[in-house]
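Structure first, then comments.
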Amino acid sequence: MSLLPDLPEVSITATDACVDFPIFDAKSRSLKKTMMGLVGGNIASESKVPIIEALRGITLHLEHGARVGLVGHNGAGKSTLLRLFSGIYEPTRGTAQIRGRVAPVFDLGVGMDPEISGLENIIVRGLFLGMTRKQMEERVDDIAEFTELGDFLRMPLRTYSTGMRVRLALGVVTSIDPEILLLDEGIGAVDAAFLEKSKKRLAELVERSGLLVFASHSDEFLRELCDTAIWMEHGQVKRQGEIEEVLRAYKGHAA
Ligand SMILES: Nc1ncnc2c1ncn2[C@@H]1O[C@H](COP(=O)(O)OP(=O)(O)OP(=O)(O)O)[C@@H](O)[C@H]1O
């Protein structure tokens, strides 16, 4: 962590940050022959062990009020950037300073226990996202109603279908009050009517979050929740700016 003075209360500041993944069990000969594709990070092959340079030279500053969409091809570095912002990854080189309470929403199922009931999972998942037990107890009835799961909320989570689990997870996630909300797309498993209902709650969640970074392949969702965007390519920031402008440049490049 670097010592940067006078940063606002809620902010993300990265300076020349890199994240490398050394791959110890790769077939290095075939890797060297591989052409650089459109998809994926950069593979450095000068060293004995191939290194995937998932993020390279990331320099950016985001403050309270920022609503930033992340776009880019598969493997461009969007999820790795979100993990860097959440503190899950430390930069291999450079610095990343995160100020504020972070709610990382990457995998809706993380933090859920299959053996306990839906109601108990609501509390546990809330704690995992940085809420207190008291806050979650105050919200549990509202979340229960939103999920429309009825008596199933008293059944162990392992008895739920995928869509039922997503309903529960979305109910909890959209009830929290984060300072920094990091969203990775992954809410496709619910039926259309429930998704429509969730969009409103998601929009309200974003409204009360201090700072949002949202990785998605859906232009519609990005436009709904974000006003600026970052286009990632091969682990680098290719473009950053107003959302329509970045989407246009990204789409133009892909065509
Ligand atoms: N744990 C890991 N170990 C090794 N390489 C990884 C790991 N996580 C990501 N990578 C590599 O880092 C690069 C960036 O991956 P990342 O998951 O950040 O991409 P993404 O933009 O989120 O892609 P997608 O749109 O497919 O989710 C890719 O080349 C990927 O192979």
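The values are calculated or read from the model by the stated rules, or taken from the named source; none is laboratory data. Keep in mind that this is a model prediction, so the values were computed, not measured. For neighbour counting, all protein chains shown are included, and Cβ atoms are generated from backbone atoms with ideal geometry for every residue, glycine included.
Points to keep in mind about this one:
- Residue among Val140, Val124 that is farther than 19 Å from Leu202 by Cβ and at pLDDT below 95: Val124
- Here the range 234-250 is the region considered, the condition is being small (Gly, Ala, Ser) and without any contact (Cβ under 8 Å) to a residue 40 or more places away in the chain, and the residue that is nearest to the ligand (Cβ to nearest atom) is Ala249.
- Among residues of the range 157-170 that are among the β-branched types (Val, Ile, Thr), those with a Cβ under 8 angstrom from a residue that is modelled with pLDDT of 95 or more, sequence gap 6+ or separate chain, pair up as Thr159/Phe152.
- With respect to the conditions (1) assigned to a helix (DSSP H, G or I); (2) modelled with pLDDT of 90 or more, Val237 lacks only one, and its number is (1).
- For the range 1-19, taking the residues that are modelled with pLDDT of 95 or more and surrounded by 15 or more Cβ atoms within 10 Å (Cβ to Cβ), the one that is nearest to Ile52 (Cα to Cα) is identified as Val19.
- Residue in the range 101-118 that is part of a loop (DSSP other than H, G, I, E, B) and at pLDDT 95 or above present: yes
- Number of the exception - Thr80 against (1) of a type in the set (S, T, N, Q); (2) in contact (Cβ under 8 Å) with a residue 40 or more places away in the chain; (3) over 11 Å from Cys18 (Cβ atoms); (4) within 12 Å of the ligand (Cβ to nearest atom): (3)
- Members of the range 201-233 found to be touching a His at 6+ places or on another chain (Cβ under 9 Å) and either within 12 Å of the ligand (Cβ to nearest atom) or at pLDDT 90 or above (or both), listed by number: Leu211, Trp231, Met232, Glu233
- Residues in the range 189-196 include at least one that is without any contact (Cβ under 8 Å) to a residue 24 or more places away in the chain, touching a Gly at 6+ places or on another chain (Cβ under 9 Å) and more than 19 Å from Arg67 (Cβ to Cβ).
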